[in-house]
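Reading through the structure tokens given below for one structure.
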Amino acid sequence: MKKIYIYGASGHGRVVADIASACGFEQMVFVDDGENEYIGFDAMTKDAPAALAIGDNKTRKKVYEQLLACGFEIITLVHPSAVISVSAIIEVGTVVMANVVVNPHAKIGRGVILNTACVIEHDNTIEDFVHISPNVALAGNVWVKELTHIGISSCAKQGITIGRESIIGAGSVIVKDIKDKKIAYGNPCRVKGKNE
């Protein structure tokens, strides 16, 4: 029986488990700090790979680094309905959900969440531990820096840079660059504060 550890047991964890099942894994073991019926990190063994199912970017990065330091295998999961260009690069620990499109020469970093039906156009760079929410559409040559979260149904025009650790609110239309550690939202998207 093909086993996998799903690190994170919330609703997001159930979605990741569903993707793992679609990828041929049969035994899902949820890890969630030893709460409820789930095992904690200390109960994990190296008999199976781990997939990250943690929505918070900073926590996902911390767990990723902890798993690597302890010698665990972290895998990338791609839902079978996703369309991934052969020239796209997807790094370890990323989860690609149902109906995602990643077009030519896109670069996706470590531990990224490409959530349901998002579109990553040609030549995009999505840095490590970014969360791209459902139905987000990023036009060509968009650069999203590390630890940023782009809210559901947002879109960015071509050539935009979105700074490190920024939060973009749901339904935003991004037409200008966003600097590091900003909270921004709206149509057009405007900076409303700092992400401290």
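Label sites at Lys46 and Asp18, each approximated as a point 7 angstrom past Cα along Cα to Cβ, lie 3.4 nm apart.
Going by how many other Cβ atoms sit within 10 Å of their own, how do Ser21, Ser172 line up, fewest first?
Going from sparsest to densest Cβ surroundings: Ser21, Ser172.
Roughly speaking, what is the centre-to-centre gap between region 122-166 and region 52-82 when only Cα atoms are used, to the nearest Å? A separation of 19 Å, based on Cα centres.
Within straight-line reach of Lys157, meaning a Cα separation under 17 Å, sit the following lysines at least 8 residues removed in sequence or on another chain: Lys145, Lys176, Lys179.
The ranking of Arg60, Arg190 by Cβ neighbour count inside 10 Å, starting from the fewest, reads Arg190, Arg60. Across all C-alpha atoms in the chain, the radius of gyration and Dmax reach 16.5, 50 Å. Against the chain, whose longest principal axis is taken from its Cα atoms, helix 57-69 shows a tilt of about 40°. Which parts of region 142-177 would a label at Glu91 reach, counting a residue when its backbone N lies under 13 Å from a point 7 Å out along Cα-to-Cβ? Within reach of a label on Glu91, which here means backbone N under 13 Å from a point 7 Å along Cα→Cβ, region 142-177 contributes 144-148. Approximating the spin labels as points 7 Å out from Cα along Cα→Cβ, the Glu37-to-Glu73 distance works out to 2.7 nm. Per-residue ellipticity at 222 nm computed for the chain from its helices equals -4000 deg cm²/dmol, with DSSP H segments shorter than 4 residues left out and the rest contributing -39,500 (n - 2.57). Residues His122, His149, His131, ranked from the fewest to the most other C-beta atoms within 10 Å, line up as His122, His149, His131. Counting only alpha carbon atoms, the long axis of helix 11-22 and the longest principal axis of the chain meet at about 70°.
Farthest toward the positive end of the dipole of the chain, out of His149, Pro49, Thr116, is the Cα of His149, where the dipole comes from beta carbon charges about the Cα centre.
Coordinate-derived values only; no laboratory data. Bear in mind that the values here come from a model prediction, so they are computed numbers and not experimental data. No Cβ is skipped: glycine too gets one built from the backbone with ideal geometry, and neighbour counts run over all protein chains shown.
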